[in-house]
1. Taking the condition assigned to a helix (DSSP H, G or I) and at pLDDT 90 or above, does Leu35 pass?
2. Please enumerate the residues belonging to the stretch 18-35 that are of a type in the set (Val, Ile, Thr) and within 39 Å of the chain's Cα centre (by Cα).
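The values are calculated or read from the model by the stated rules, or taken from the named source; none is laboratory data. Given the structure is predicted, the values throughout are model-derived calculations rather than measurements.
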Amino acid sequence: MNLAELQRKLVAAARLFPPGEQVPCAFAERVMAHLRSLPTLDIRVLWARALWRAAICCVAIMLLLGALTFIDSKGNTSPNDLSQEFEKTMLVSVNQGTASLSPW
C-alpha cells in the first residue's frame with residue numbers, strides 16, 4: 001500500500017472528527033497524582049550502584065591477573081630472573097661509587 005495515500009486518508013478521517021473542547025472531570029488531579037506517585041531520581045543512588053559495579057569488575061580483573069602471574073611464575077625456572085638482573089643493574093653504580101672512594 002502507498003504510504004502517502006494512507007497518510008492522506010488518515011488525516012482526512014481525523015479532520016472529520018475534531019477533538020472536543022471539554023476536559024474530562026478531574027483530569028488534572030489524576031495526572032498530578034500519577035506524577036507524585038512516581039519515585040524520585042536520586043543521583044547518589046545511581047553513583048553508588050555504578051561504583052559498586054566498577055569495584056566488582058576491578059576485583060575480578062585483579063584476581064584474574066594475579067592468578068595468571070602466579071601460574072606464569074611457576075613455569076619460569078630460568079636462572080636469569082628479571083628482578084635479580086634489575087637489582088644488579090641498579091646497584092652497579094652504588095658499588096662503583098663506593099669502590100672509587102675507598103683508599104685501599
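1. Criteria not met by Leu35.
2. Scanning the stretch 18-35 gives a single hit, Val31.
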